[in-house]
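The values are calculated or read from the model by the stated rules, or taken from the named source; none is laboratory data. Predicted model, so just to flag it, every value in this text is computed and none were measured. Note that we place each Cβ from the backbone using ideal geometry, even for glycine, and neighbour counts take in every protein chain shown. Ligands, DNA and RNA are excluded from the accessible area calculation, which covers all protein heavy atoms including side chains. Shrake-Rupley method; radii C 1.70, N 1.55, O 1.52, S 1.80 Å.
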Amino acid sequence: MSPSPVPSNSPTSRSPGRGVARHQQPIIKRGTHARVCCIDRAISAFAQLVHEKKQRQIVVLGAGKDTNWFRYRAGLLFDDSERGNALQWFEVDHPSVVYSKAKLIRNSPELTSQFALVMKKIDSDEYILSDTSAPSNCFLVSHDLRSSPQELIEKLSRHNFDPSLPTLFILECVQMYLPEDANSTLLRYLSQKCPDACVCLFDPILGNDPFGRMMEQNLLRAGVVRQDSCLLRTRTLSEHLSKANSYGFDRGVGCDMMSAYETVVTDTQRLRANQCEMLDELEEWVLIMRHYCIVICCRSDSNFGQQYCEVGASSPMGFAGGKCLVLENGQIK
């Protein structure tokens with residue numbers, strides 16, 4: 001199996017639309033499972049840390065066809081029995097992607113039959129999904145992440161986004177495609193404008209070994225990334241944390257996905273994966289997983305961020321000492 005530049009475990013693999021089922025090799029499916037488990041845990045840990053707040057916000061940047069709001073409403077992410085404390089959801093992507101997703105949702109019997117769902121177009125290429133059985137909405141917002149982050153916050157604020165509230169921003173295999181300048185402008189603005197926000201990043205890390213160089217060549221040849229893309233400018237886990245610090249997120253923790261599979265992914269989740277399908281390509285599996293990472297970062301003055309970024313037995317994410325890097329007081333260790 002030749003190294004895949006980006007595993008086919010994008011949010012579209014959890015698409016609400018009907019499509020032809022594609023065969024995926026076990027090594028790819030196991031990577032998909034690990035990625036989903038980690039993002040699920042990031043969402044559930046955030047929501048539970050701030051569950052006493054009257055309002056909580058999740059913003060998925062470059063959301064694609066992600067279905068996590070539906071999974072949340074179905075109770076598949078965590079037990080949110082106190083739903084009087086609203087969890088508001090915002091998904092941001094290009095206008096064409098937002099339009100395509102809205103069309104898929106509208107034409108999906110699976111979704112419309114399982115939820116008390118109302119979808120309304122509220123602006124040009126912007127929609128609101130309302131589950132009338134609970135006070136939780138999902139806003140589909142059109143925005144190019146290479147454009148002004150101030151414009152992004154203004155768009156979100158038109159839909160009752162409050163920059164002062166506890167907020168989780170998720171960039172799942174998104175930062176890698178952004179030009180370095182656009183990414184730094186975006187994250188620096190978010191750290192300044194949203195003091196009680198945390199950012200969850202999932203991205204490849206190329207490193208400088210032969211496998212990483214092959215990934216880089218494949219991506220450049222396919223035109224997926226350019227020389228100024230973050231993927232090529234942020235090659236290691238340490239560089240991700242260092243740049244987060246320079247953007248104003250001065251507290252953080254992260255690990256490669258092999259370490260995450262051993263810690264963030266739970267014993268029960270690993271057992272279930274092992275029972276579903278055999279995995280023979282162990283050396284290649286470890287190699288691939290070492291070239292992806294998950295990072296959580298926040299401002300040190302965040303009301304919940306310090307606890308979110310803890311390491312050890314008290315870590316809500318499951319980060320373990322010796323298995324991750326920690327950013328604290330401007331130092332990475």
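Does at least one position in segment 188-199 carry a residue that is free of Cβ contacts under 8 Å to residues at least 60 places away in the same chain, open to solvent by 30 Å² or more (accessible area, probe 1.4 Å) and under 19 Å from the mean Cα position of the chain (by Cα)? Yes, segment 188-199 contains at least one residue that is free of Cβ contacts under 8 Å to residues at least 60 places away in the same chain, open to solvent by 30 Å² or more (accessible area, probe 1.4 Å) and under 19 Å from the mean Cα position of the chain (by Cα). Residues that are open to solvent by less than 30 Å² (accessible area, probe 1.4 Å) and in contact with a strand residue (DSSP E or B) (Cβ under 9 Å, 6 or more places away or on another chain) within segment 139-154 comprise F139, L140, V141, S142, H143, L145, L152, listed in sequence order. The single condition among (1) touching a residue at least 60 places away in the same chain (Cβ under 8 Å); (2) open to solvent by 50 Å² or more (accessible area, probe 1.4 Å); (3) part of a loop (DSSP other than H, G, I, E, B); (4) not polar (S, T, N, Q) that E310 does not meet is (1).
Contact annotation: residue pairs with Cβ atoms under 7 Å, 6 or more positions apart or on different chains, pairing a residue in segment 146-175 that is within 23 Å of D203 (Cβ to Cβ) and in a loop (DSSP other than H, G, I, E, B) with a partner that is at pLDDT 95 or above and not β-branched (V, I, T), are R146/L178; R146/P179; R146/A182; C173/F202; C173/D203; V174/L61; V174/G62.
To keep it simple, each residue is scored yes or no on (1) among the hydroxyl-bearing types (S, T, Y); (2) farther than 23 Å from S44 by Cβ; (3) at pLDDT 90 or above; (4) outside any strand (DSSP E or B).
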site: L87; (1), (2), (3), (4): no, no, no, no
site: F90; (1), (2), (3), (4): no, no, yes, no
site: S96; (1), (2), (3), (4): yes, yes, yes, yes
site: L104; (1), (2), (3), (4): no, yes, yes, yes
site: S113; (1), (2), (3), (4): yes, yes, no, yes
site: K120; (1), (2), (3), (4): no, yes, no, no
site: L129; (1), (2), (3), (4): no, no, no, no
site: S133; (1), (2), (3), (4): yes, no, no, yes
site: C138; (1), (2), (3), (4): no, no, yes, no
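M176 fulfils the conditions (1) open to solvent by less than 20 Å² (accessible area, probe 1.4 Å); (2) within 28 Å of I122 (Cα to Cα); (3) touching an Asp or Glu at 6+ places or on another chain (Cβ under 7 Å) except for a single criterion, (2). From the list K120, K53, K103, the lone residue that is within 19 Å of C194 (Cα to Cα) and open to solvent by 50 Å² or more (accessible area, probe 1.4 Å) is K53.
Applying a threshold of 7 Å to beta carbon distances and a minimum spacing of six or more residues, or different chains, the list of pairs starting in segment 292-305 at a residue that is within 19 Å of L237 (Cα to Cα) and ending at one that is surrounded by fewer than 24 Cβ atoms within 10 Å (Cβ to Cβ) and polar (S, T, N, Q) reads R299/S191. Per the listing I128, I170, the residue uniquely of a type in the set (A, V, I, L, M) and either crowded, with 21+ Cβ neighbours inside 10 Å or touching an Asp or Glu at 6+ places or on another chain (Cβ under 6 Å) (or both) is I170. Filtering V224, V265 for residues that are under 17 Å from the mean Cα position of the chain (by Cα) and either touching a residue at least 40 places away in the same chain (Cβ under 8 Å) or part of a helix (DSSP H, G or I) (or both) leaves a single hit, V265.
Selection within segment 292-307: residues that are assigned to a loop (DSSP other than H, G, I, E, B) and not hydroxyl-bearing (S, T, Y). The member of this set that is most open to solvent (accessible area, probe 1.4 Å) is N303. Scanning segment 176-210 for residues that are closer than 19 Å to S147 by Cβ, of a type in the set (A, V, I, L, M) and either touching a helix residue (DSSP H, G or I) at 6+ places or on another chain (Cβ under 8 Å) or assigned to a strand (DSSP E or B) (or both) gives M176, L178, L186, L187, L190, V199. Looking at Y177, Y189, just one residue is more than 25 Å from L287 (Cβ to Cβ) and among the aromatic types (F, W, Y), and that residue is Y189. Quick check: is even one residue across segment 201-209 under 25 Å from C324 (Cα atoms), of a type outside the set (F, W, Y) and open to solvent by 60 Å² or more (accessible area, probe 1.4 Å)? Yes, that holds for at least one residue. Answer yes if at least one residue in segment 250-259 is assigned to a loop (DSSP other than H, G, I, E, B), under 23 Å from T167 (Cβ atoms) and out of contact with any helix residue (DSSP H, G or I) (no Cβ under 6 Å at 6 or more places or on another chain), and no otherwise. Looking through segment 250-259, at least one residue is assigned to a loop (DSSP other than H, G, I, E, B), under 23 Å from T167 (Cβ atoms) and out of contact with any helix residue (DSSP H, G or I) (no Cβ under 6 Å at 6 or more places or on another chain).
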